[in-house]
């Protein structure tokens, strides 16, 4: 080889070696993965949270803020059995592939004993968590997440949306048997789950508008609903769609009976967007409190929640119901950890499955966390109606187990 | 093929034409060093890092397939992400529903990729002009919609998942992640070796003529349409292969992974990495895999998505304006500059007695 060739080779080889060193410097050495650190008695209990903080469902990010506030408050109180809870978080942008990537990091690098996440994309991570025998908890109502026989490591915090749909169907059958129903929801399996629940009570919507997350303009679908003679609209879609649709319906003077699904009936998701007028008279089967609802202004539990949100630096999200739900999820995890026999996935899962009338800061008075069935821990709802300023209870709390909806 | 005629030149004499066997070229030894480091990596870093590096390798195959198309044959595809996804779905469904072995599923993905490439490429190449780009946009836009439309078949939003790792380790001394990485690395090296040979041969010279001008190519006896179609099909095959490997590494295929913007991202990765460089394909793939996570770790929240887009846009703009051959090309130019400086320093240094040089000893 001549000098020119040799120096070119040297430079190229040096470049490759430098690039390799840079890549390796950004990686974690094999010996330093989190699973080893978990074995020590005083080491933190690691929980991973993959949550949408950007993308089409970036609006649910306050849920993570609430979760962080609950964990921070627990650590402030001394942790669990003297052990700190370490919450490692990552944005999945509501992309299932990024969710799985995050889960792998939590499990393989951080040594997480449980992974929490938001929404139906949790389905994508079930196989992996099952293979690694790590517990997953999702804040989601999609019915597929109730399949704990096939995916025994997966649980869900929200109740199965099909149960609430059955309550709506039951109400319609009893109070408006001739209703012509229109349904607005996401173009995913949440809608399939909801429609299955309605069908179980003999209600088949005449019109269905299933749209992607983030859609704001449903004027064409609303016109179609009107033309089809729809007189009852069930809305199960997040911000900004639900609020924008109700505002449009109000603008054109169309006033059908409206059912808002529990998880999209709060002020931040709907009422603050549409204004209170368009929501007046709407129904909802609720199970959690809304910190923006004036009727909880003097609630002691909400006051504690607000303090914890402020202490953890999340006061700007404090009035968002999703933040309270995240806080509730964090409180449930802390409660399960406080009862577990062992600080691992198996122990946490066993404790999670054995709630027994456990109070939770996000739940409405009279509703508690119960022993797991179908991977769910909440079974009670309170029918409420919006009076133009606040949600007002109608009748008694209903338990889907007692109604035969859940076996 | 005649035997190579290369020998050490006596100092001070004119050099003969530099025709050396491949193993004596700097590129060969650089590649050997790179592969040696890559093979050592699984014993140094965590399984999670290996998972990400495996994803880089899989995406790199997809970007390399685009490099073949854009960088070497002068065609533009805005649907490579969809072909990547089609390969992923074909392989995963073959395993999940037909219970085919992994390697047969990979062959199925290759076959589907070839079919897709032929079906899209045939009319587009015949129509000429921008039609290939336009047709591929249609495919990229339609693909996720079709995945949702036929959700009974494709799994809809939940997609298709694997119940067990696609590349389980055959030995206790390697974890699944280590084994998977080595398998994917091998497939990447084989792909690049294949592509390198492909563009270095007669077809490569024919492609250069096509890029220079259609009339020039035709006047030199090149069947332009046929060659373009061949390369579009090969590119689609490799994209599908990369997609299948990516799906195996992730253990999952879902519609959200393959929107139109993913196809555009692959094209940007090709340009940013260097569309006429296989190393550039790996660099571009690394950006695709690592940039979103890095952005969200730097600026959590909604701004992170915009930061990733901003970085991509800035780097793309820089590449278009000041480094048209991408990061790989810029790196090559930098290496040449360093080499020139070294050579000039050597030229100005006092001459070394011939009897003491290492070359003479050899």
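Laboratory data are not the source of any read-out in this text; all were calculated from the coordinates shown. Here the structure is a predicted model, which is why all the values come from computation and not from measurement. A quick note on method: Cβ atoms are made from the backbone with ideal geometry, for glycine too, and the neighbour counts reach across all protein chains shown.
At 10 °C and 1.306 mPa s, grab the translational diffusion coefficient of the range A:218-265 from Stokes-Einstein with a Kirkwood Rh over Cα pairs, rounded to a whole number in µm² per second. Calculated translational D: 146 µm²/s.
With contributions of -39500 (n - 2.57) from each DSSP H run of at least four residues, the per-residue ellipticity at 222 nm computed over chain A stands at -11000 deg cm²/dmol.
Just for chain A, what percent of DSSP beta bridges are antiparallel, to the closest 5?
Of the beta bridges lying entirely in chain A, close to 30 percent run antiparallel.
Under the criterion of Cα pairs below 8 Å and six or more residues apart, the relative contact order for the range B:152-288 equals 27 percent.
A simple packing score, the average count of other Cβ atoms within 10 Å per residue, orders the peptides A:43-51, A:174-182 as A:43-51, A:174-182, with the highest score first. For chain B, modelled as a GNM whose springs connect Cα atoms under 10 angstrom apart, the maximal fluctuation among B:324, B:296, B:73 occurs at B:296. For chain B, the mean residue ellipticity at 222 nm estimated from helices alone is -23500 deg cm²/dmol, where every DSSP H run of n ≥ 4 contributes -39500 (n - 2.57) and the total is divided by all residues, rounded to the nearest 500.
Roughly how many whole Å is it from the C-alpha centroid of the range B:277-299 to that of the range A:288-325? Cα centroid of the range B:277-299 versus Cα centroid of the range A:288-325: 39 Å apart. Taking every residue in A:51-63 and counting other chain Cβ atoms within 10 Å of its Cβ, the average works out to 3. Going by a ≥ b ≥ c, the root eigenvalues of the Cα gyration tensor, does the range A:38-112 fall in the rounded group (a/c under 1.5), the prolate group (a/b larger than b/c) or the oblate group? Oblate, because a/c is 1.5 or more while a/b does not exceed b/c. Label positions at residue A:310 and residue B:320, each projected 7 Å from the Cα along the C-beta direction, are separated by 5.0 nm. Descending by average beta-carbon neighbour count within 10 Å, the peptides A:394-401, A:315-322 line up as A:315-322, A:394-401, the highest first.
Let me know the mean shielding of B:39-52 by other chains, meaning the per-residue number of their Cβ atoms within 10 Å of its Cβ. Provide the component values of the computation, followed by the final result.
Numbers: counts 0, 2, 4, 1, 1, 7, 9, 12, 8, 12, 11, 3, 6, 5.
Mean shielding count: 6.
The spacing between the range A:371-391 and the range A:234-264, judged by their C-alpha centroids, is 19 Å. Counted by neighbouring Cβ atoms within 10 Å, the residues A:283, B:290, A:183 run from fewest to most as B:290, A:283, A:183.
When A:286, A:359 are arranged by Cβ crowding within 10 Å, least crowded first, meaning fewest neighbours, the order is A:359, A:286. Modelled spin-label separation between residue A:254 and residue B:336, with each label point placed 7 Å from Cα along the Cα-to-Cβ direction: 6.5 nm.
Sequence gap at least 6, Cα distance under 8 Å: using those rules, report the relative contact order of chain B to the nearest whole percent. Rounded, it is 28 percent for chain B. Of B:70, B:30, B:83, the residue with the greatest mean-square motion in the GNM of chain B, using alpha carbon springs below 10 Å, is B:30.
Determine, for B:297, A:384, A:274, A:122, the number of other Cβ atoms within 10 Å of each Cβ, and report the residues in order from fewest to most.
Working: B:297 11, A:384 23, A:274 20, A:122 30.
Listing B:297, A:384, A:274, A:122 from fewest to most nearby Cβ atoms yields B:297, A:274, A:384, A:122.
Within the range B:84-104, what residues put their amide N at less than 20 Å from the label point 7 Å along the Cα-to-Cβ vector of residue B:138? Of the residues in the range B:84-104, B:84-87 have backbone N under 20 Å from the label point off residue B:138.
Hey, got the average number of other protein chain Cβ atoms within 10 angstrom for residues in B:249-256? Write out the running numbers ahead of the final one.
Numbers: counts 0, 7, 7, 10, 3, 8, 2, 12.
What the average comes to for B:249-256 is 6.
Would you look at the GNM of chain B, springs on alpha carbons closer than 10 Å, and say which of B:216, B:66, B:147 moves the most? Of B:216, B:66, B:147, the most mobile in the Gaussian network model is B:216. Shape class for the range B:227-329: oblate, because the ratio a/c of the largest to smallest gyration tensor axis (alpha-carbon atoms, square roots of eigenvalues) is 1.5 or more and b/c is at least a/b. Its relative contact order, with pairs defined as Cα atoms under 8 Å and 6+ residues apart, puts chain A at 15 percent.
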